Amino acid sequence: MYAVSSSGGKDSTFALFKALEQNFKVTHLIHVYNPDTSRVRFHGYKPEMVSKQAELLGLKEIIKPTRSEKFEQDFELVLKEAKKQGIKGLIFGNLFLEDVREFYQKNVTNAGLEYYDVLWKQPTEKVLKNFIKTGFKAIITSVWLKKLDKKFLGKHINEKFLKEIKKEKNVDFCGENGEYHSLVFNGPLFKKPLEYETFGVHEEKENIFLDIRKKEN
């Protein structure tokens, strides 16, 4: 059994899709969040969004808080829990950041688990195009204002978005340098769409976040 490390965003969700294509038996989503804010780091939404996503994807979940100042220590506990539940290895959606990959690879392998990066070093324009072409639907939930205009907040990731992001200077197509983050709410793996509501925006230093929540029936 394998797990995908997921923020709920496009890269980790597409990594899940590619892993299944490669015949990995994925049974779990592993997700960590900031206990100080009770939100997903950089993305800005509550972990309940990822929990609902796991349900709609037909996967089990391991969702744990990880303190910023003791992230590595807390992440080790997450890996122990994964191993306890019979997980053989973790799959990530990293694209090209060497330091990020090195950190996770070291910790995962030290815990006695297998490590995979199924999107590694693929051109990010190609990744974004394939994500859209495959039929996934995602919304921009945070923008780093130092890199990208706030007009992108709340936009859906589609062909129109691809054309717009292509015009931006020094911006990675997939936002791998932190330019933007997203939430996937529908796609070929979903039983049905993740229904959501938005409640305005809030800014923190150089970032702006969309207050997006699970729609209550």
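The values are calculated or read from the model by the stated rules, or taken from the named source; none is laboratory data. Since the structure is predicted, the reported quantities are computational estimates derived from the model, not experimental observations. Cβ placement follows ideal geometry from the backbone for every residue including glycine, while neighbour counts extend to all protein chains displayed.
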Take the stretch 130-152 and flag every residue that is out of contact with any Leu (no Cβ under 9 Å at 6 or more places or on another chain) and assigned to a loop (DSSP other than H, G, I, E, B). GLY135, LEU145, LYS146, LYS147, LEU148, ASP149
May I ask you to verify whether LYS84 is surrounded by fewer than 21 Cβ atoms within 10 Å (Cβ to Cβ) and either of a type in the set (Lys, Arg) or more than 25 Å from LEU128 (Cβ to Cβ) (or both)? yes
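Okay, residues lined up against (1) surrounded by fewer than 18 Cβ atoms within 10 Å (Cβ to Cβ); (2) assigned by TED's automatic domain parsing to the domain that holds GLY187; (3) of a type in the set (Val, Ile, Thr):
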{"position": "THR109", "(1), (2), (3)": "yes, no, yes"}
{"position": "ILE139", "(1), (2), (3)": "no, yes, yes"}
{"position": "PHE152", "(1), (2), (3)": "no, yes, no"}
{"position": "LEU162", "(1), (2), (3)": "yes, yes, no"}
Looking at (1) touching a residue at least 60 places away in the same chain (Cβ under 8 Å); (2) within 15 Å of ASP11 (Cα to Cα); (3) crowded, with 18+ Cβ neighbours inside 10 Å; (4) not hydroxyl-bearing (Ser, Thr, Tyr), which is the only condition PHE96 fails? (3)
Name the single residue that is nearest to TYR2 (Cα to Cα) among those in the stretch 111-126 being hydrophobic (A, V, I, L, M, F, W, C) and within 17 Å of the chain's Cα centre (by Cα). VAL118
Any residue at all in the stretch 21-32 that's crowded, with 18+ Cβ neighbours inside 10 Å, modelled with pLDDT under 90, assigned by TED's automatic domain parsing to the domain that holds ASN94 and more than 17 Å from ARG213 (Cβ to Cβ)? yes
Regarding LEU189, is this residue of a type outside the set (Val, Ile, Thr), closer than 17 Å to LEU56 by Cα and buried (at least 21 other Cβ atoms within 10 Å of the Cβ)? no
Out of curiosity, is TYR104 closer than 19 Å to ASN177 by Cα and within 17 Å of the chain's Cα centre (by Cα)? yes
What single numbered condition from (1) over 27 Å from PHE199 (Cα atoms); (2) at pLDDT 90 or above; (3) buried (at least 17 other Cβ atoms within 10 Å of the Cβ) fails to hold for TRP120? (3)
Would you point out the residue of the stretch 165-185, among those that are of a type outside the set (A, V, I, L, M) and touching a Phe, Trp or Tyr at 6+ places or on another chain (Cβ under 7 Å), that is nearest to TRP120 (Cα to Cα)? GLU176
